[in-house]
Every structure is written in C-alpha cells, then in structure tokens.
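Structure, as structure tokens:
The values are calculated or read from the model by the stated rules, or taken from the named source; none is laboratory data. Everything quoted here is computed from the prediction, not taken from an experiment. A quick note on method: Cβ atoms are made from the backbone with ideal geometry, for glycine too, and the neighbour counts reach across all protein chains shown. Keep in mind that these areas ignore ligands, DNA and RNA; they rest on the heavy atoms of the full protein, side chains included. Shrake-Rupley method; radii C 1.70, N 1.55, O 1.52, S 1.80 Å.
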Amino acid sequence: MAVGVEIKSDGKQYNGRITRFVLLSCMVAASGGLIFGYDVGVSGGVSSMEPFLKKFFPGVYRKMNEDTNVSNYCKFDSQLLTTFTSSLYLAGLFSSFLAAHVTRSYGRRTSIIIGGLSYLVGAALEGASYNIYMLIFGRILLGVGLGFTNQSVPLYLSEMAPSKYRGAFNIAFQICIGLGQNLATLINYGIHKIAGGWGWRISVGMAGVPAALLALGALFLSETPNSLIQNSNDNDKAKKLLQKIRGTDDVQAEFDDLNEASRAAKSVQHPFTNLLQRKYRPQLIMSVAIPFFQQITGINAVSFYAPILFLTLGSGESAALLAATITGFIGLTFVVFALYLVDRMGRRPLFHIGGVQMFISQMMVGAIMVTKLGDHNAISKGYASCVLVLICVYISGFGLSWGPLGWVVTSEIFPLEIRSAAQSIVVATNLSMTFIIAQIFLAMLCHMKSGIFFFFGGWVIVMSAFVYYLLPETKNIPIEKMDRIWREHFFWKRFVGVGENDEGWMKETA
C-alpha cells in the first residue's frame, strides 16, 4: 500500500515576487503571535513567584514553603492556580467561533483589530488586579483577544503570501510566538526580585504592549484580495490590490482562481454545516487532528510550567526562571531553522525529524525523573542539567516541526468557502486542548509523577504515524489549488473523488 504522497508541480505557478508591501503587511499581522507567546511565557513565570502566590494563591505558597510532607510532584497542584492559567483558553475557545463570522463577513483585518484591542484591555485589568476575580476576568478578556487573532492572522498570512513562500510567511507567526515567550521569560527573570514584591504587575501588564502594537498596526493593513473579492463586488479594487501585493500587472491567472473560489464561497450560506459534507472530510479531520496533536505533544505543559518543573527538580526561583529562558531561546532558534527549511524540504520531513527528537528526549527525561527524583528527594545538579539539556532537545524538535507546521498546514489546506469556519475549528480545538492540558497538568504531574513524560511521548508516536499515512505534502501548491492533494491521496480520494485533470499530477511513494 502506498503511504504518503510526494507532490509535483503541475507547471502552474502564479506570477509575482515578495514585495515590500506584502512583507510589511505580513510582519504586522504576524506580530499577533507575540500576544500568544507572551502569555505562554508570562503565565508560568509569575506562577512561580512567591509574592504572586502569596497574594492570589496562599495555599500553594504554604505547600511550597512550609509543608515538608507534600510530594515534589504535588506542591503546585491547585485547581485555582490552573484556573488562572486555563481561563484564558476557555474564553478563546468560545470567541473563536464569533471570530469566524467576523472574519468571513467583515474581513481578516477587522478581526485582527478586535483581537488586539480586547487583549489590551485585559492586560491593563490584570496588571491592576487586587483580587483573584479581577485577575481571572482580565484573563478572560485576554482569551477573547487570543481567539480573534489566532483565527484571523494565519489566514491573513496564507492569503497574502506568494504560494512559493507561503510556509515561510506562516512560520513568521510561530517566530513571533517564540519572541513573545522569550520576552516574557526575560521580563520575569528581570523583575522577580523587585523590592516590595510587585514585579509581577509589570510582567502581566506588559502584555498590553504587543497588543497595542498589533491593534495600531492593523489600522494600516490592507484587506486580503481573497476577502475583498468575497465581501465586495469591486473586482477592480481587488485586482489592483493583488497587482500591488505581487509586484506585477500580470496576475490574471491568480485573480481568476480567486474569483472562482469566491463564487463557490458565496454559494455557501452555512459554512459550518457545509464543512460536514463528505467532500470536505479530509479538511474536517485535519482541522481537529492537527491542533489536537500539536497540544498533546505536551509543549504547552512544559512552556506554561517550565519554571515550576525546574522548581520541582530542586532549582531555586532564579535558576528556574533562567532555565525557562534558556529553553525558550533554543525553541525560537529552531523555529527560525524551520522557516528556512519548510519550503525547501517540505512539511512532512520536518514533522518526522521533530517527532524523533521529541520522543527520545521525553523518554529520557521520564527515565531520569523516575530513577533520580522521587517524592521528597532533590535531584543532583548534574542530573538537573541533563534534564535541562533534554528539554532543550525536546523543545528544539517541537520548534522544527509541530510548533510552526501546526499553523502552516492548517492555514493552507482549506478552500475559501469553508476557510473561516475550518480555521475557527482549528483555533477552537487548539485552545480547548490548551485549556484541558493547562487545567489538568499539575494534577497529572502530582498523580502520574514522572510518567507524565511517557504519556506525552506515547502520543508523539501516534501523531507521527498519522502524518506518515494521512497528511499529504503541500509544498509549492497554490492555496486555491490545494484540493488536488486530497483527490490523489490513497485514502482521502475515496471521500473527494479524482478530478479529470489530476491523473499523473502526483506520484505516490512507499
């Protein structure tokens, strides 16, 4: 049986180049990733700061410092603490469905602006919080902003980018996530010893800076040609914009494909219902499976709680924050490598390489913790350093594969008529899984102990097999021609059928 497909170009490539206009537009839009990354970095950092825990989570503070009978794995097991972290993602889950309607009906730019403004207000409220209710309400507003930006930014990038470089442009979103995360960990490390214990307010309040930059920058963005054609009858304006984006007047082939896709999209009145049709079964499966697998790698558990994990290993507060900073920079470095490789090697090889790295490193971390840590012991500095190195290997594998590619692939495989609806399902699945893992990770760490790493490692095997058998390569395929990859796949073609002109367009490889 043939497994996987290698896609060969059918000779049709749209004219155009990377213009300064599209580069600047995509840089502004991709900065939406700063919001997501900053929150991931700041949440775990402030959760390990004693003044923050004293004020909002005194029970956790007492267990950490006063109760010597509590297992190393259970010191941070608090439902209220996990609610603080996960409430944002639950709000983002629900807001992503509203964002789908706004993105489809009013454009990608509008959703980006709404997301930036909501996040700005939430950050201000968090920074001024004097009780747990203000803190969590601020997190909810942050979640609304996150739902809107994560729904609209990947679509904006995919629709603006030339097809030849679409993977690299989409990885810019993941690079901004990494930049935001590293910025947060640096700020956490810099302010955690401020006299008076109010440094955490700087950490959470500074989230408003990338939000303000995004909201202000989005005011000057143009809408994508795809969105203009879908929501306006002014084809001349859309064509002139496409010419400006591509840097050439010869855009007729791409413009015709956009119009054809728009006519199909306008015939769909209920995109969520339409997504359930048999011909969209591959896209529906991918819109759920890819973000599910992206989160079940365990990456956000490690990212949220990296300082807490290193405190569990016996590191001091400063050392824990420093270790989290190091791992963050390693992850960002490998995301940059992915940007260079994704349109050269393709998506599937990077998924496989990263999967091997993540699996081996998680197995080794679990083995060290089960043999050397225990419930009440402190791990030696040598083994703690080894765990740090292995977590860096794990994060580098994620940065090379599931981190950026989870957003790249899902932003490029959906036809226009279901694009907004399908992307909202991607975001909703991603945020619901993030919510679930954030909500249960500390309890899982307490009950499963070192077995948590074997749990996530087992899932890496499952998702690697899924990619090998069921995800076709998408490198160099124009976004409005992506339906062909399903019609020639050994499994998915039974759902979508084979097009008349598609024979010989791909070759299957064992």
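Numbers for the structure displayed
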item	result
Segment 122-133 - residue that is in a helix (DSSP H, G or I) and touching a residue at least 24 places away in the same chain (Cβ under 8 Å) and, of those, surrounded by the fewest Cβ atoms within 10 Å (Cβ to Cβ)	Ile132
One residue from Leu186, Leu142, Leu157 being buried (at least 24 other Cβ atoms within 10 Å of the Cβ), farther than 19 Å from Ala422 by Cα and among the hydrophobic types (A, V, I, L, M, F, W, C)	Leu142
Subset of segment 37-53 (residues that are open to solvent by 10 Å² or more (accessible area, probe 1.4 Å) and aromatic (Phe, Trp, Tyr))	none
Helices (runs of 4 or more DSSP H) completely within segment 160-269 that count 3 or more residues being within 21 Å of the chain's Cα centre (by Cα) and touching a residue at least 60 places away in the same chain (Cβ under 8 Å)	166-191, 208-218
Subset of segment 85-106 [more than 18 Å from Val42 (Cα to Cα) and surrounded by fewer than 24 Cβ atoms within 10 Å (Cβ to Cβ)]	Leu93, Phe94, Phe97, Leu98, His101, Val102, Ser105, Tyr106
Hey, Leu400 open to solvent by 10 Å² or more (accessible area, probe 1.4 Å), out of contact with any Ser or Thr (no Cβ under 9 Å at 6 or more places or on another chain) and not basic (Lys, Arg) or not	yes
Filtered residue count, segment 452-507, keeping only those that are open to solvent by 20 Å² or more (accessible area, probe 1.4 Å), modelled with pLDDT of 85 or more and small (Gly, Ala, Ser)	3
Flag if Arg166 is buried (at least 24 other Cβ atoms within 10 Å of the Cβ), at negative phi and either of a type in the set (Lys, Arg) or out of contact with any helix residue (DSSP H, G or I) (no Cβ under 7 Å at 6 or more places or on another chain) (or both)	yes
Residue pairs meeting the criteria (Cβ under 9 Å; at least 6 apart or on separate chains; first touching a residue at least 60 places away in the same chain (Cβ under 8 Å) and open to solvent by 60 Å² or more (accessible area, probe 1.4 Å), in segment 276-295; second assigned to a helix (DSSP H, G or I) and of a type in the set (Ser, Thr, Tyr))	Val288/Thr429
Residue match in segment 224-239 (condition: open to solvent by less than 10 Å² (accessible area, probe 1.4 Å) and touching a Phe, Trp or Tyr at 6+ places or on another chain (Cβ under 7 Å))	yes
Failed criterion for Lys164 (all others in (1) touching a Gly at 6+ places or on another chain (Cβ under 7 Å); (2) under 18 Å from Leu23 (Cβ atoms); (3) modelled with pLDDT under 85 hold)	(1)
Some residue of segment 350-366 being among the small types (Gly, Ala, Ser), at pLDDT 80 or above, open to solvent by 20 Å² or more (accessible area, probe 1.4 Å) and out of contact with any Leu (no Cβ under 6 Å at 6 or more places or on another chain)	no
Filter result for Ile436 (among the aliphatic types (A, V, I, L, M), over 30 Å from Tyr165 (Cβ atoms) and open to solvent by less than 20 Å² (accessible area, probe 1.4 Å))	no
